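Values quoted throughout were computed directly from the atomic coordinates according to the rules given, and no laboratory measurement underlies them. Nothing here was measured: the structure is a model prediction, and the numbers come from that model. Every residue, glycine as well, gets a Cβ built from its backbone with ideal geometry; the counts of neighbours run over all protein chains shown.
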Amino acid sequence: MDVRFAAALEAIVGRRHALTTPQEIRAYAYDGGVDRSLPLAVVLPGSTEEVAAVVRACCERDMRFVPRGAGTGLSGGAIAAGDAIVISTARLCRILEIDAPNRIALVEPGVVNADVSAAAHPHGLRYVPDPSSMAACTIGGNIAENSGGLHCLAYGVTSAHVLGIRIVTPDGDIEWLGGKTVDTPGYDLAGVFIGSEGTLGIATQAVLALSPIPETVQTLLGIFDSTDAATAAVSAIIGRGIVPGALEMMDALATSAVEADVGAGLPTDAAALLLIDIEGLRDGLEGTVDAVASICRERGAREVRIAQDGPQRDLLWKGRKSAFGAMGRISPDYYVQDGVIPRSQLPAMLRDVAAAGTKHGLRIANVFHAGDGNLHPLILFDKQKEGEFDRALAAGADILQACVARGGSISGEHGIGLEKRDCMPLQFTPEDLSFMDRLKSAFNPDDRCNPGKIFPTGRRCGESARTAKSGTLDERTAALAGEPF
Amino acid sequence: MSAPAQPHGIGTCTRCGLCQQACPTYRDWRLEADSPRGRVEIVERIAAGERPDAAMAEHLYACLGCRACETACPSGVPFGDLLEFGRREVERTGTLAPERGGWRTFRSFVFERVLPSRALFGAMMMPAKTLRHMPTLARLLRSLPMSSGARRALAMASIETPMGNGRLPAHSKAIGERRARVALFTGCVMDALFGGVNEALVRVLRSSGCDVVAPSGQWCCGALNVHAGEQRRALAMARRNIEAFERADAEAIVVDSAGCGAHMKSYGRLLEGEPAFADRAAAFAGKTVDATEYLDRIGVTMNRPPSARRVTYQDACHLAHGQKIRQAPRALLRAMPGVEFVELRDADRCCGAAGVYSLTHPAMSQRVLDEKLAKIAEAGVDTVTVTNPGCHLQLAPALAQRGVRVRHVVELVDEAIHHSSRGTAF
Ligand SMILES: Cc1cc2nc3c(=O)[nH]c(=O)nc-3n(C[C@H](O)[C@H](O)[C@H](O)COP(=O)(O)OP(=O)(O)OC[C@H]3O[C@@H](n4cnc5c(N)ncnc54)[C@H](O)[C@@H]3O)c2cc1C
Ligand code: SF4
Ligand code: SF4
């Protein structure tokens with residue numbers, strides 16, 4: 001790391017918030033996914049102006065940079081691919097305004113997702129997108145990944161709840177995209193930015209739409225002895241024109257891990273569980289709840305339970321939200337996939353997933369947003385065991401291939417990042433990709449902002465993560481620490 | 001350098017990051033290396049054979065050891081165990097920053113000399129006892145210029161604590177029908193500064209049908225030692241307690257300090273490598289119960305309003321996160337006649353005491369405390385209840401100025417059974 005550049009960064013953000021020693025920056029070499037790579041330095045600016053100054057300093061020295069929120073991302077988006085510094089939004093964590101009459105919130109990007117709803121709660125409002133990682137992930141990361149959540153089935157994912165974004169562009173200018181109202185004239189630039197995975201600039205403020213907290217919620221737990229029966233119930237519920245607030249499914253393996261974590265009293269011998277929230281006005285809700293319960297029974301549910309009170313409901317959802325992390329209870333490592341398929345293909349797709357597990361000799365747990373056909377197969381492996389990580393990647397690639405073959409997509413909400421960039425050609429033609437590249441170039445012509453992400457490198461799907469993982473981190477760490485390795 | 005023996009729970013962290021916001025130091029500093037995930041990564045490097053340098057040591061010691069991250073972690077990472085291991089390796093093979101030079105001296109004095117010895121500990125506690133009887137001297141000392149750590153030590157030393165009358169009988173009989181025979185763990189700080197709580201616990205247990213023995217030969221549990229990376233003396237202290245309590249032949253070992261209880265419940269793991277002690281340690285751990293846990297389990301009859309009206313409860317980290325006990329103390333408080341129980345916002349966040357942390361990291365400890373005080377003010381109570389001496393010493397000096405009292409839950413239970421019977425000896 002060039003000393004003068006380090007000094008320039010320190011001059012902008014202060015010594016404490018410009019990290020250059022290996023011991024400090026190692027903690028930024030990972031996110032929640034499987035890739036690992038060390039940045040050259042980490043800076044934590046305290047204002048939009050400081051972000052802009054850091055970006056300009058990077059431009060002057062032709063340095064690349066990676067925006068980072070909480071680092072809960074699952075596709076390596078927030079880690080440096082190649083030589084780059086990380087710009088963390090951890091200190092940009094203020095809720096600037098809750099405007100209850102207009103139902104909007106103005107927040108900084110490092111604000112934690114759950115804190116927005118907590119601040120809006122006294123006004124009877126909430127911020128709807130609720131990724132399972134909501135207790136830790138940031139609004140900036142949510143915007144970059146266009147994150148979904150358990151309650152996005154009825155209300156839409158992040159893009160439906162963000163009105164305006166203030167950004168620092170890859171050359172250090174400060175711009176507003178969108179505004180405080182739903183429709184701003186001209187191009188929907190906020191819409192372009194949402195889901196861009198940190199490749200079009202750094203969000204430094206956001207205007208979020210808040211929604212009224214529903215008058216009542218009822219939570220149902222459908223217990224099934226076969227996954228086919230459970231998926232049939234999902235299709236039947238939606239087919240009946242009912243739009244639940246949330247409609248989630250877990251298979252037996254996932255249930256056993258979750259139960260070990262939260263002890264919500266889930267039946268670990270069931271083949272599949274459906275977790276369903278019915279929300280709305282008190283009047284008429286009972287009818288919908290009864291209808292959903294009888295659909296489940298008609299499709300073969302062994303039992304349908306209805307949560308009796310708030311704490312019981314919270315416990316059920318806590319279980320679902322902890323599902324990924326809870327894999328740590330049954331396996332040293334896991335590799336989560338994020339495919340989307342048309343709902344009607346769910347039963348067939350689940351068989352494809354099981355086949356991938358058998359082929360590569362690995363266990364695969366399934367949790368998914370059944371309502372919108374967004375699967376999260378969790379491939380369990382042990383990186384200490386020779387070859388298991390490679391097999392996990394191969395199983396993941398097979399699953400993605402199957403998603404595309406079934407008319408779906410390779411990512412629902414976790415993004416492409418580093419991990420899936422070489423799988424993009426499964427879904428897009430070279431023409432599609434070059435069209436996307438033209439959009440990126442309009443914002444980020446020198447690929448200085450989050451370089452190397454999203455676009456394929458020419459390797460095979462499932463190979464890139466391995467390359468990122470094997471050795472690079474330790475080699476660079478050793479080099480930085482000046483020790484032999 | 002060879003890799004040290006692998007600690008329990010290594011490799012269970014998936015780096016998901018869900019623990020970050022639970023961590024007081026991450027919320028304050030916003031640096032990943034000072035988040036639970038960052039610290040796990042440091043410990044894993046140490047476990048893999050990397051020699052801990054001063055920066056790694058600093059991150060491990062900046063941790064409050066509150067274990068809130070364990071509650072937040074869906075993977076069940078036993079953070080407390082990993083931290084103890086990491087600090088032990090720091091002390092065994094690592095280096096410290098020059099500014100921390102005093103730590104090793106302090107550490108070897110406190111953890112290798114004072115805590116293992118009842119006599120030396122008693123002598124060290126004398127100044128604190130003296131100060132309480134000489135408020136003018138305490139005021140005078142407070143006016144001297146000194147470091148913030150020393151200032152805090154003095155503030156804690158000069159506050160009023162329920163020291164009791166110093167009469168804790170070795171055997172006391174159950175009142176009424178005998179339901180159980182239990183042994184009381186008296187502790188070191190509890191014994192020296194909170195004897196009144198131990199005495200209250202004996203009264204409550206007797207009135208609830210328990211024969212109570214306070215075995216001689218028991219002493220400090222050794223929790224502070226392992227938290228500071230000291231193991232040799234800690235093992236000896238554990239063995240001594242196991243032997244002392246085996247002689248007592250009781251069904252349960254009741255402890256009224258959450259920090260001690262959490263550690264005593266882990267004796268099994270601590271001594272699992274010693275064939276002569278492994279099973280006995282596991283038996284000891286299996287019998288250990290927190291006082292609130294035990295009283296809630298056996299049921300107590302509380303008919304009298306205690307000397308507190310509007311009461312809240314501050315979760316001790318080592319009760320809520322360490323032992324997963326949250327409901328028992330609340331249930332006891334809710335059942336007291338004439339008491340209005342109010343929930344404290346973020347009650348299970350650390351108060352900043354964290355063993356010796358308030359002395360070694362006074363600035364961070366103070367910020368954590370300030371946040372807690374603001375929430376206590378919000379609750380508008382006359383009494384804050386605790387289950388751990390560290391929390392008591394941390395909260396009392398600041399709350400005394402605001403006219404809010406700090407009481408152990410057991411003290412109020414005692415009053416609710418015996419009506420302000422403080423000072424009454426059976
Ligand atoms: C246990 C677990 C459960 C999860 N559940 C869900 C779920 O239910 N739904 C879901 O959608 N995701 C889920 N995720 C994935 C992850 O939490 C989301 O992608 C989240 O939005 C990432 O936020 P973050 O703050 O951690 O971002 P990071 O991981 O730090 O970054 C993610 C991406 O955002 C970019 N970025 C971050 N901040 C900014 C900014 N200010 N400006 C521009 N770019 C920025 C980064 O460059 C990176 O590309 C889960 C993850 C875990 C570990
Ligand atoms: S024990 Fe407390 S201070 Fe230490 S890492 Fe965990 S949450 Fe943070
Ligand atoms: S300690 Fe637990 S919550 Fe924290 S990163 Fe590791 S697995 Fe996730």
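Laid out as a table, the results:
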quantity	calculated
For the protein assembly as shown, share of DSSP beta bridges that run antiparallel, in % to the nearest 5	70
Protection-proxy order for peptides B:405-415, B:82-92, A:387-397, each taking the mean of Cβ atoms within 10 Å per residue, highest first	B:405-415, B:82-92, A:387-397
Cα→Cβ-extended label distance, 7 Å offset, between A:Ala11 and A:Glu303, nm	6.9
Unpartnered cysteines - no second Cys beta carbon under 4.7 Å - across chain B	B:Cys13, B:Cys16, B:Cys23, B:Cys63, B:Cys73, B:Cys210, B:Cys351, B:Cys391
FRET E, pair B:Ala282, A:Ser294, Förster distance 51 Å, beta-carbon r, rounded to 0.05	0.50
From phi via Karplus (6.51, -1.76, 1.60), per-residue ³J(HN,Hα) for the stretch A:51-57 in Hz, x at Gly/Pro	4, 4, 5, 5, 5, 5, 4
Built amide H within the under 5 Å cut-off of A:His376, gap 5+	A:Val367, A:Phe368, A:His369
Total formal charge among the other residues, if their Cβ is under 15 angstrom from that of A:Ala90, Lys/Arg +1 and Asp/Glu -1	-1
Partner chain coverage, peptide A:66-79 - average Cβ within 10 angstrom	2
Distance between modelled label sites at A:Val3 and B:Arg92, nm, 7 Å Cα→Cβ extension	3.8
Listed peptides A:290-299, B:306-315, B:166-175 by packing density, highest first (mean Cβ within 10 Å)	B:306-315, A:290-299, B:166-175
Over 21 Å between alpha carbons, listed pairs A:Lys321/A:Lys359; B:Lys265/B:Lys324; A:Lys318/A:Lys359; A:Lys383/A:Lys453; A:Lys383/B:Lys324	A:Lys321/A:Lys359; A:Lys318/A:Lys359; A:Lys383/A:Lys453; A:Lys383/B:Lys324
Average other protein chain Cβ within 10 Å of Cβ, residues B:24-35	5
Span per principal axis, largest first, for the Cα atoms of the stretch A:364-412 (Å)	36, 20, 12
Over the protein assembly as shown: helical MRE at 222 nm, DSSP H runs n ≥ 4 each giving -39500 (n - 2.57), nearest 500	-12000 deg cm²/dmol
Computed over chain A, Cα set: Rg, Dmax in Å	22.5, 70
Under 20 Å from A:Lys385, Cα to Cα: aspartates and glutamates that are on another chain or at least 8 residues apart	A:Asp35, A:Asp333, A:Glu463, A:Asp474, B:Glu41, B:Glu44
The stretch A:1-87: trypsin sites (Lys or Arg not before Pro) in DSSP loop, at most 14 other beta carbons within 10 Å	A:Arg61
Residue list for the stretch A:187-202, given a label point 7 angstrom along the Cα-to-Cβ vector of A:Arg438 and an amide N cut-off under 19 Å	A:187-189, A:192-193, A:200
Using θ = phi - 60° and Karplus 6.51 cos²θ - 1.76 cosθ + 1.60, couplings along the stretch B:372-382 (whole Hz; Gly, Pro as x)	5, 4, 4, 6, 5, 4, 4, 6, x, 10, 9
Formal net charge of residues neighbouring A:Gly195 (Cβ-Cβ distance under 10 Å; K, R +1; D, E -1)	-3
Sites A:Ile213 and B:Glu177, calculated FRET efficiency, Cβ-Cβ separation with R0 56 Å, nearest 0.05	0.60
Listed peptides B:324-334, B:93-103 by packing density, highest first (mean Cβ within 10 Å)	B:324-334, B:93-103
Under 5 Å, built H, 5+ apart or other chain: amide partners of B:Ala174	B:Asp211, B:Val212
Sequence-separation-based contact order of chain B, relative, with Cα cut under 8 Å and 6+ spacing, percent	15
Rg to Rh quotient for the protein assembly as shown, alpha carbon positions, Kirkwood Rh	0.98
Cα Rg, Dmax, chain B, angstrom units	20.9, 64
Using θ = phi - 60° and Karplus 6.51 cos²θ - 1.76 cosθ + 1.60, couplings along the stretch B:334-344 (whole Hz; Gly, Pro as x)	5, 7, 7, x, x, 10, 9, 8, 10, 6, 8
Rh by Kirkwood over Cα pairs, then Stokes-Einstein D for the stretch A:1-77 at 1.567 mPa s and 4 °C, µm²/s	100
Other protein chain Cβ atoms within 10 Å, averaged over every residue that makes up A:325-332	6
Total formal charge among the other residues, if their Cβ is under 12 angstrom from that of B:Val43, Lys/Arg +1 and Asp/Glu -1	-1
Bins of 10 Å from zero: percent of alpha-carbon pairs in the stretch A:330-468	12, 41, 32, 13, 2
Order of A:Leu433, A:Leu150 - criterion: other Cβ atoms within 10 Å of each residue's Cβ, fewest first	A:Leu433, A:Leu150
Two-decimal Rg/Rh across the stretch A:393-460, once Rg and the Kirkwood Rh are taken from alpha-carbon atoms	0.98
Cα centroid separation, the stretch A:54-107 to the stretch A:328-374 (Å)	31
Geometric extent, Cα atoms of the stretch B:1-121 - Rg, Dmax (angstrom)	15.0, 47
Alpha-carbon centroid distance for the pair the stretch B:37-52 / the stretch A:238-257, whole angstrom	39
Least to most buried among A:Leu274, A:Leu316 (fewest other Cβ within 10 Å first)	A:Leu316, A:Leu274
Long-range amide H partners of A:Gly417 with built H, under 5 Å	A:Ile454
At R0 = 45 Å, FRET efficiency that the Cβ-Cβ distance of B:Arg118 and A:Ala260 yields, to 0.05	0.60
